[in-house]
Amino acid sequence: MAPTDPDFDSLFFRSALGRFATGVTVITTEGKPDHQPLGLTISSFNSVSLEPPMVLWSLSRKASSLLHFQQSERYVVHVLAASQLPLAKRFAYGSQAQRFDGLALTRAPSGTLMLGDNECAAWFECYNLIQHEAGDHMIFVGQVEHCHRNFNQPLVYHAGDFDLTPSTEPLSNN
Ligand SMILES: Cc1cc2nc3c(=O)[nH]c(=O)nc-3n(C[C@H](O)[C@H](O)[C@H](O)COP(=O)(O)O)c2cc1C
């Protein structure tokens, strides 16, 4: 049987999804053929499998970096600490060309470009294992080759804001 059409609009859907609190990540790789650093803020990150270790995230098919991530062999997922809010904003709203300006960079053990700032709550170096088209996004499943974690407070995203906002009803219907 085919799915029935949604009885809500995309604004309401977005608002409902926003009730799910997430962490915030910055995912980095390098472009081809120039090896330019690429990165963006992603909250759709989640765990998939423990053995073998796998994670997933989804990328808008409108993202300027889509083709580069599709062609990349590996990427690094940085789970941001609360202290890294400026990085989350820079990698979401800043121009791709300037996102890495003035930032220290390093390489993960398999050679993938990553942020040198080791305040991250965790990072995962992933082999780009599976890509799956899903509506207006592309789902990426990465096999984790290396990871690291700290015990600092993570950055949280909830109801369209970088915080756990109170669960009061908004003035609009959204
Ligand atoms: C908190 C937060 C979470 C985000 N999560 C995602 C996500 O999961 N997938 C996505 O495609 N875009 C997400 N975005 C939007 C991208 O970060 C943003 O569109 C970015 O500019 C895309 O970069 P690009 O077009 O240069 O590839 C998120 C933005 C914010 C602020």
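Using modelled amide H (1.01 Å from N, peptide plane; none on Pro or chain starts), what sits under 5 Å from the amide H of ALA122, excluding residues fewer than 5 places away?
Excluding prolines and chain starts, which carry no amide H, the hits are VAL79, ASN150.
Local charge sum around PRO154 (other residues, Cβ-Cβ under 13 Å, Lys/Arg +1, Asp/Glu -1)?
The answer is -1.
Given the convex hull over the Cα atoms of the stretch 37-108, what projected area results after averaging over all orientations, in nm²?
5.8 nm²
Hey, got a sec? Which GluC sites (Glu not before Pro) in the stretch 82-134 land in a DSSP loop and have at most 16 other Cβ atoms within 10 Å?
Counting only loop positions with at most 16 other Cβ atoms within 10 Å, the GluC sites (Glu not before Pro) in the stretch 82-134 are GLU119.
Quick one: Debye curve from the alpha-carbon atoms of the stretch 22-155 only, equal weights, vacuum; give me log10 I(q)/I(0) at q = 0.09, 0.14, 0.15, 0.20 Å⁻¹ to two decimals.
-0.22, -0.56, -0.65, -1.25
From the phi of every residue in the stretch 143-151, what ³J(HN,Hα) in whole Hz does the Karplus formula 6.51 cos²θ - 1.76 cosθ + 1.60 yield, where θ is phi - 60° and glycine or proline is x?
Running phi through 6.51 cos²θ - 1.76 cosθ + 1.60 with θ = phi - 60° gives 8, 7, 9, 8, 8, 8, 9, 10, 10 Hz.
Quick check on the exposure proxy: order THR22, THR28 from fewest to most C-beta atoms within 10 angstrom.
Taking fewest neighbouring Cβ atoms as first place, the list is THR22, THR28.
Can you compute 3J(HN,Hα) from phi for each residue in the stretch 9-25, using the Karplus curve 6.51 cos²θ - 1.76 cosθ + 1.60 with θ = phi - 60°, rounded to whole Hz and x for Gly and Pro?
9, 5, 5, 5, 4, 4, 5, 5, 4, x, 6, 8, 6, 10, x, 10, 10
Could you work out the relative contact order of the stretch 22-155, using alpha carbon pairs under 8 angstrom and six or more residues apart, expressed as a whole percent?
Values: 294 pairs, mean separation 39.5, N = 134.
So the answer I get is 29 percent.
Considering the options GLY135, VAL48, LEU115, tell which one lies farthest towards the positive end of the dipole of the chain, charges being +1 on Lys and Arg and -1 on Asp and Glu at the Cβ, about the Cα centre.
Farthest towards the positive pole: LEU115.
With θ set to phi - 60°, apply the Karplus curve 6.51 cos²θ - 1.76 cosθ + 1.60 along the stretch 55-71 and write out the HN-Hα couplings as whole Hz, x wherever there is a Gly or Pro.
10, 9, 7, 10, 10, 4, 6, 8, 4, 5, 8, 3, 4, 5, 5, 5, 8
Read-outs throughout are calculated quantities, based only on the coordinates presented, and are distinct from any laboratory measurement. From a predicted model like this one, the values you see are computed outputs, not experimental measurements. We place every Cβ from the backbone using ideal geometry, glycine too, and count neighbours over all the protein chains shown.
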